[in-house]
Amino acid sequence: MFDTNKNKFEKFESKVWLSSPTMHGPELEYIKEAYDTNWMSTVGKNINEVEKLAAEKVSCKYAVGLSAGTASLHLSMRLAGIKAYGMPKVGHGTLEGKKVFCSDMTFDATVNPVVYEGGEPVFIETEYDSWNMDAQALEKAFEIYPEVKIVVLAHLYGTPGNMDAIMDIIHKHNAILVEDAAESLGASYKGAQTGTFGDFNTISFNGNKIITGSSGGCFLTNDLEAADKVRKWSTQSRENAPWYQHEELGYNYRMSNVVAGVVRGQFPYLEEHIAQKKAIYNRYKEGLKDLPVKMNPIPEDCEPNYWLSCLIVDEDAMTKQVRSDSDVLYTKEHGKSCPSEILDAIRSINAEGRPIWKPMHMQPIYRLNPFVNKDGLNRAKSNAYIEGSVQDIGMDIFNRGLCLPSDNKMTVEQQDRIIEVIKACFE
């Protein structure tokens, strides 16, 4: 275990966070505007401006401000189910009994909306090149489940996936893409912004994102009918009548005008935040270059937003590490380390890192769901699947990887100390 008593590095007086909000001043003015004008609910100028700014930045036609990125993903799944399978029976989700292909290495908010609508997630293996969905595995999944009509794809830690290959496969099989760009606002693939590749797309303004409203998100689309549906559903599906008339299921998902004031004040600083995050990534890459580690990959055709800087320990430099569902044990070996030791070391100087997203197919809630890799091995059908095998790339990245402190208020001196702490783990 990491010996804090022998730690020669001084603790930071103030905690260095993984990724915390960075405020600039205009946010407070827009909040005050909402207060002074008494537009404190789910309508107002701030919401209108956020929707305009989001659509302009991402280069889509329509944006709808919602209470969270998860709300957008839920309504996206509802739309996708209707487009793929038609209207559901009253009281049933739009995906009742249907399988949906999903990114495996992601936060569960990407996947849960499939279940909200009665669908069954089928997890698609991750690739080493981008840490995102593997296109070959997606093609294999369509061979096994040709009836599937919806793909949910997330861009991990602000780096876009292999969108040319993925979109070719989706179009080949006449499927619908629901794009989760919650972590990747401002990132692009071959010049196209994430949040524009899918039929129905999501960005997030959660407290730790590249820009924030403390909460909130936007639904993005080029489909006016879809945007109007989401706007209606998100306000309890009230019909155009002089009384409260409801003909379909609705939700309380609209963005607050107060939250929108924060987001509105943040948008002008998006590019500045991305530049700061990129500088953090590059300093880590340079500072750790002599260690047996690699930074999270950036494919040639991508320009990430560098939301989180991550590293992965070389396989032959891994000390023994064993994880249960809630605990971890590891041993100390000269010249070697592991994510758990590095995270303990970072924590000992009052800085915050975190493990890589644990793959969805290994989460207790989803362990019985199908999982398909690029060799076509399907846990639901084949005894050839071996947990932790070379085919299980997502679990390998989870076991060897970690997210580094990536707060854009971190000073160069603070980052240098974090780098030295990481180096000491390999001594």
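Would you point out which residue out of I176, I144, I169 is under 18 Å from N222 (Cβ atoms), β-branched (V, I, T), in contact (Cβ under 8 Å) with a residue 12 or more places away in the chain and surrounded by fewer than 24 Cβ atoms within 10 Å (Cβ to Cβ)? Outline the logic, then answer.
Working: I144 fails: under 18 Å from N222 (Cβ atoms); I169 fails: under 18 Å from N222 (Cβ atoms).
Being under 18 Å from N222 (Cβ atoms), β-branched (V, I, T), in contact (Cβ under 8 Å) with a residue 12 or more places away in the chain and surrounded by fewer than 24 Cβ atoms within 10 Å (Cβ to Cβ) holds for just one of I176, I144, I169, which is I176.
Say we look at region 211-227 and pick out the residues that are assigned to a strand (DSSP E or B) and among the small types (G, A, S); which of these is surrounded by the fewest Cβ atoms within 10 Å (Cβ to Cβ)? Please lay out each step first, then the result.
Taking region 211-227 and keeping what is assigned to a strand (DSSP E or B), we get 214, 216-221.
Filter once more, so that each one left must be among the small types (G, A, S): 214, 216-217.
On the way: S214: 14, G216: 27, G217: 30.
In this case the residue turns out to be S214.
Exactly one of (1) out of contact with any Leu (no Cβ under 6 Å at 6 or more places or on another chain); (2) surrounded by 18 or more Cβ atoms within 10 Å (Cβ to Cβ); (3) farther than 30 Å from P88 by Cα is unmet by K294. Its number?
Unmet condition: (2).
Looking at R254, is it more than 30 Å from E413 (Cα to Cα) and either buried (at least 16 other Cβ atoms within 10 Å of the Cβ) or free of Cβ contacts under 8 Å to residues at least 40 places away in the same chain (or both)?
Numbers: more than 30 Å from E413 (Cα to Cα): yes; either buried (at least 16 other Cβ atoms within 10 Å of the Cβ) or free of Cβ contacts under 8 Å to residues at least 40 places away in the same chain (or both): yes.
Answer is yes for this residue.
Scan the helices (runs of 4 or more DSSP H) fully inside region 9-103 and keep the ones with 2 or more residues being in the same structural domain as S214 (by TED's automatic domain parsing), in contact with a Ser or Thr (Cβ under 7 Å, 6 or more places away or on another chain) and buried (at least 16 other Cβ atoms within 10 Å of the Cβ).
On the way: elements: 26-37, 45-58, 69-85.
The helices (runs of 4 or more DSSP H) meeting that bar are 69-85.
Which of the residues spanning region 311-362 are assigned to a loop (DSSP other than H, G, I, E, B), surrounded by fewer than 16 Cβ atoms within 10 Å (Cβ to Cβ) and touching a residue at least 12 places away in the same chain (Cβ under 8 Å)? Walk me through how you get there before you give the answer.
Going residue by residue through region 311-362, those that are assigned to a loop (DSSP other than H, G, I, E, B) are 314, 319-320, 324-327, 331-336, 338, 349-350, 352-353, 356-359.
Narrowing further to those that are surrounded by fewer than 16 Cβ atoms within 10 Å (Cβ to Cβ): 314, 320, 324-327, 331-335, 350.
The answer is D314, K320, D325, T331, K332, E333, H334, G335, N350.
Under 22 Å from V263 (Cα atoms), in contact (Cβ under 8 Å) with a residue 24 or more places away in the chain, surrounded by fewer than 24 Cβ atoms within 10 Å (Cβ to Cβ) and touching a helix residue (DSSP H, G or I) at 6+ places or on another chain (Cβ under 9 Å), is that true of Q136?
No: the conditions fail for Q136.
Of the residues L291, L308, only one is touching a helix residue (DSSP H, G or I) at 6+ places or on another chain (Cβ under 9 Å), under 23 Å from I274 (Cα atoms) and either among the hydroxyl-bearing types (S, T, Y) or part of a loop (DSSP other than H, G, I, E, B) (or both); which?
Going through L291, L308 in turn, the sole match is L308.
Is it true that some residue in region 296-307 is on the phi < 0 side of the Ramachandran plot and free of Cβ contacts under 8 Å to residues at least 12 places away in the same chain?
yes
Here's the yes/no breakdown for (1) under 14 Å from H74 (Cα atoms); (2) not acidic (D, E):
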site	(1), (2)
A175	no, yes
D180	yes, no
K190	no, yes
G195	no, yes
F200	yes, yes
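Restricting to region 205-248, name every residue that is acidic (D, E) and touching a residue at least 40 places away in the same chain (Cβ under 8 Å). Quick ask: steps written out before the conclusion?
Taking region 205-248 as the starting set, the residues that turn out to be acidic (D, E) are 223, 225, 228, 239, 247-248.
The one that is acidic (D, E) and touching a residue at least 40 places away in the same chain (Cβ under 8 Å): D223.
Which of the residues that make up region 294-305 are among the acidic types (D, E) and assigned to a loop (DSSP other than H, G, I, E, B)? Show your work before the answer.
Filtering region 294-305 down to residues among the acidic types (D, E) leaves 300-301, 303.
Across region 294-305, the qualifying residues are E300, D301.
The values are calculated or read from the model by the stated rules, or taken from the named source; none is laboratory data. It should be emphasised that the depicted structure is a prediction, and the values quoted were computed from it without experimental measurement. In this analysis, Cβ positions are derived from the backbone assuming ideal geometry, glycine residues included, and neighbour counts consider all displayed protein chains.
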